[in-house]
Amino acid sequence: MSASALFPHRKNSYKIETLICSSRITTVKSSPDQVRCCTLAIEISKVSTSRGKLQYHWSGNGKPNIVLINGGSGPIEGWMKILPDLSEMSSVFSYNRLGVSGSDKPQAPQDGLTIVETLREALKTVGFEPPFLLVGHSLGGLYANLFARRHPYEVAGVVFLESSHPKDIGLEKYQGKVVKTINKMLSMFDSLSPHKQFNEVHFVKKTVEQIHAIEYFPDIPVYVITGGKENRMMPEEVRKKRIEHQLELLSLSSNSKHILAEKSGHFPQFTEPRVVIDTIKDCAEQIQQKTF
């Protein structure tokens, strides 16, 4: 049987190849508030773009089309606790950016514009069509922010999940001398590698500049999920500033809502998957009412 028969949502193209089908998601339901019991095979495929091959996973069959954008160097598996439920209601696309896991090593600087356009090219190639509900975790929130500004007619809603804010780049000044020294050393080591020198973490400032260059953000549903658990390693002044920045994300749209994941730190999708799932579902319902 052909691949197109097994996976009818795929376009026939030499640019797409199935690699493995090995990882599995298993979640257990012990109360109505927890995620459901499910085992879902994770089929990892590859798609060719003009900048290299990307690993991706596509599951579900529904609207709106959800695009999960990882945090810095985060893999597809980082979404494992929320994928089964989301796939019940929508088509969901997750992927590994260049330099992550089995995706190709980057051959050029991975600033926000490059990352957004590479993602958009991959989505178009596999046939995953807009409008999208973007879910951006951590650094991925900057890319979701930039994507919505550059292509406002392709984005129907955004969920910022413990997302970076453009102003967060200024929090570096609160770091201690030890942390700054370690970061400087790591950057020096990365510069010696032909691939690590292009890592996205070295181009966050440029990504922020690209966001600031486009004032317009579409008036679409915006949800901001913030972890409420205190991080003892984070200075109090940094924590307060970061919370301010999280709340500022609400001003991007007249239709916005803040969700506090009280038991979570920076990864609510791990510690409180139900909160993340329900928030994405709420955003999807708003989009359906307006668009479909």
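The number of residues in region 158-211 being open to solvent by 60 Å² or more (accessible area, probe 1.4 Å), under 27 Å from G228 (Cα atoms), in a helix (DSSP H, G or I) and at pLDDT 60 or above comes to 7. Of the residues making up region 86-109, those that are touching a helix residue (DSSP H, G or I) at 6+ places or on another chain (Cβ under 9 Å), surrounded by fewer than 23 Cβ atoms within 10 Å (Cβ to Cβ) and closer than 21 Å to A284 by Cα number 3. Within region 226-283, the only residue that satisfies the criterion of being open to solvent by 70 Å² or more (accessible area, probe 1.4 Å), part of a helix (DSSP H, G or I) and closer than 25 Å to P131 by Cβ is S251. Among the residues of region 128-137, are any touching a Phe, Trp or Tyr at 6+ places or on another chain (Cβ under 7 Å), farther than 28 Å from K290 by Cβ and modelled with pLDDT of 95 or more? No, region 128-137 has no match at all. When residues in region 144-154 are screened for being in contact with a Lys or Arg (Cβ under 9 Å, 6 or more places away or on another chain) and open to solvent by less than 30 Å² (accessible area, probe 1.4 Å), 2 of them pass. Checking S73 against (1) within 13 Å of the chain's Cα centre (by Cα); (2) open to solvent by less than 20 Å² (accessible area, probe 1.4 Å): exactly one of these is not met. Which one? Every condition holds for S73 apart from (2).
Taking S59, is it out of contact with any Lys or Arg (no Cβ under 9 Å at 6 or more places or on another chain), within 26 Å of V222 (Cβ to Cβ) and not β-branched (V, I, T)? Judged against the criteria, S59 is a match.
Of the listed requirements (1) over 16 Å from V276 (Cα atoms); (2) without any contact (Cβ under 8 Å) to a residue 40 or more places away in the chain, F132 misses just one: (2). Kindly indicate whether N12 is over 26 Å from F203 (Cα atoms), surrounded by fewer than 18 Cβ atoms within 10 Å (Cβ to Cβ) and at pLDDT 90 or above. For N12, the condition - over 26 Å from F203 (Cα atoms), surrounded by fewer than 18 Cβ atoms within 10 Å (Cβ to Cβ) and at pLDDT 90 or above - is not met.
The values are calculated or read from the model by the stated rules, or taken from the named source; none is laboratory data. Just so it is clear, the model here is predicted, and its values are computed rather than measured. In this analysis, Cβ positions are derived from the backbone assuming ideal geometry, glycine residues included, and neighbour counts consider all displayed protein chains. Protein only, heavy atoms only, side chains kept; ligands, DNA and RNA dropped before computing areas. Shrake-Rupley method; radii C 1.70, N 1.55, O 1.52, S 1.80 Å.
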